[in-house]
1. What number, rounded to the nearest 500 deg cm²/dmol, is the helix-based mean residue ellipticity at 222 nm of the chain, given -39500 (n - 2.57) per DSSP H run of at least four residues and division by all its residues?
2. 5 Å is the cut-off here: which amide hydrogens, built 1.01 Å from N in the peptide plane, fall below it relative to Lys300, excluding neighbours closer than 5 in sequence?
3. Given 0.36 nm per residue, what is the gain on full extension from Asp621 to Ala228 after removing their alpha carbon distance, in nm?
4. Mind putting together the pair-distance distribution for segment 584-626? All Cα pairs, 10 Å bins, whole percent per bin, short to long.
5. Would you calculate the convex hull of the Cα atoms in segment 1-89 and tell me its volume per residue in Å³?
6. Among Val213, Ala181, Ile223, flag the residue with its Cα farthest along the positive direction of the charge dipole of segment 156-226, charges on Cβ as +1 for Lys/Arg and -1 for Asp/Glu.
7. Can you sort Asp398, Asp186, Asp468 by how many other beta carbons sit within 10 Å, fewest first?
8. What is the Å³ per residue value for the convex hull set by the Cα atoms of segment 309-439?
Amino acid sequence: LEKETDMGFGYSGKILRINLTDRSTQIEEPEEVFYRKYLGGEGFVAHTLLKEVGPGVDPLGPENVLIFAAGMLTGAPVGGSGRQSVGARSPLTGGFGESEAGGFWGAELKQAGFDAIIILGASEKPVYLWINRGSVEIRDASGLVGKTTAKVQQLIREELGDKRIRVAQVGPAGERLVRYACVIFDVNRAAGRTGMGAVMGSKNLKAIAVRGVQRVALAHAEIVRESAKWLSENLEGLVGRRKAYGTAGCLLPQQYTNSLPTYNFQAGEFAGAEKISGERMAETILVDRDNCYACPIYCKRVVEVDDEIKVDRAYGGPEFETIGAFGSMCGVSDLKAISKANELCNAYGLDTISTGVTISFAMECFEKGILTLADTGGIELRFGNAAASLEMIQQINDRTGLGKLLGEGSYRAAQVIGKGSEEFVMHVKGQEIPQQEPRAHHGLGLGYAVSPTGADHVHNIYDQSYTDADLPKMKSVAALGILEPLPYNTLNPAKVRLFRFEVNWMHMVNCIGLCIFLPYDYDRVRDILHGITGWNVTIWELMHVGERVLNLARMFNARQGLGIDKDILPRRFSDPLKSKTVPLEGIAQQELQQGVETYYAMMGWDPVTGAPLRSKLQELDIEWAA
Ligand code: SF4
């Protein structure tokens, strides 16, 4: 591939800035050093938010800034390179808001000539953006308001006369400012976490349509080709199970290890687990598999149901996180009903994790008599009632009945409901907890507590992957000097050290737009990035990019008043998880506290405020952030 004159290798060199209040647009062309320091994705988000969103800015007001950013790999012919980030101040946590999604939109954005879009202000009327081969247009979206995501994508493609247009959008839930509304890409991929859809909705921005033809230029195409060849030759052995069963393939392994979140994290085993597994989905309602840009794994599910419940295949199929949130967490063992919940969330633009976990919380309130039939409008909101959970999704989207309160998120709902419900609301910093059980992964629990976005399972570790020297992850982290396996249930300094290195790396992965399911080790990621950009990057340099970006996010939170008191876990995780075969201890509050303190010290963060020390910012070449 030839490099075009004004492009870098791997990036287009242009960032589009749009002010929706005065409808002005501007193109920025940062220097190469900026790209190398921040790479893209979460890096651009963190840099922009810290520079441009001051303390106290209303997350749902026009002063908030919304960023869409492709990663450095996004759009290159590399498996797993189809991801992009969305960021803003979060209406759910009040802090650093950032979420990623796969699909094809980010690659198309780069092909349209831009690495990122920064959106300022708010439009008076509903609009959508049309970014077409380097040009941008702000168009009327009044005809799209209130419509589901598949309908909106269809209408935009018809209006612009091109079926290959890629669309990012908010559904009706984002228009109505549900605090955990997400941004939906390609109808069935969600930047789900931290409420970025509510921010987009608050700006009266319904969608961003993109189309481009400019290929990403590669510095050393032969290196990139070699990686693609290696992946296709090793696909079955390394990721065959993910290909066959999708992310839902991890449901039964979690069930067998007592770590499948059940009944609002009151249990780790669910009697209906077999019925909602990835294996059962493959045998019953699975009609196709789907992929993201350039990815040969095809882990995305496509399901279809046509009986008393109808599920539209346009919305894909449920991921593991969705099955956990609407299945075991809500006590529902009906895969068709869970698939319907997935369809509704994708059609309305709701984060499936926050929606399912919030409904699970409300179910526990109902079971305990804290919520009554009078509160639910006559709905028996009990664990196992699939119809009730579907009705709640509808109410959350419509902002009616109990759904109006639940649309504020479980943390805020518990503040209103009271009566002791605050004790079992499962959140960190206001964001609902994903379907990974900290009692089976103590390092993951530390990760939930200290994440700048609130509970997050992507920039985190899974302790069980480091418990045996023969596990692939152990081979990969040898490049970081982690040479000995560690038990899953410790937060000793060796575990914190592993956690620190891996989480820094994962933030870097969010900057390059790489899917975490690709079986690349550290050396291969380095080689791919070198092949794309031509930079002689090292693992050491990449680790520092991740740490730099994490520190910017941490500084953003410090400025917004999120301090050390928010780096905690819900008390429930200190309770043991009973099981006849694999009982798990809780994470003791003191153990977590010790882990947090050790982590701060290793990171160079102030033990009293939790904010990065000036010397740490100097080390990371971001002293401007001090
Ligand atoms: S592994 Fe799955 S989620 Fe990741 S890029 Fe490939 S198809 Fe997309």
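Throughout, read-outs are computed from the coordinates displayed, never taken from laboratory work. Source: prediction; values computed, not measured. Positions of Cβ are backbone-derived with ideal geometry, glycine not excepted, and every protein chain shown enters the neighbour counts.
1. -11500 deg cm²/dmol
2. Those qualifying (amide H under 5 Å, at least 5 residues apart or on another chain) are Asp290.
3. 138.1 nm
4. Spelled out bin by bin, segment 584-626 gives 28, 40, 20, 10, 2 percent.
5. Numbers: hull volume 9.7 nm³, N = 89.
Here the figure is 109 Å³ per residue.
6. Final value for the positive-end residue is Ala181.
7. Final ranking by Cβ density, sparse to dense: Asp468, Asp398, Asp186.
8. 100
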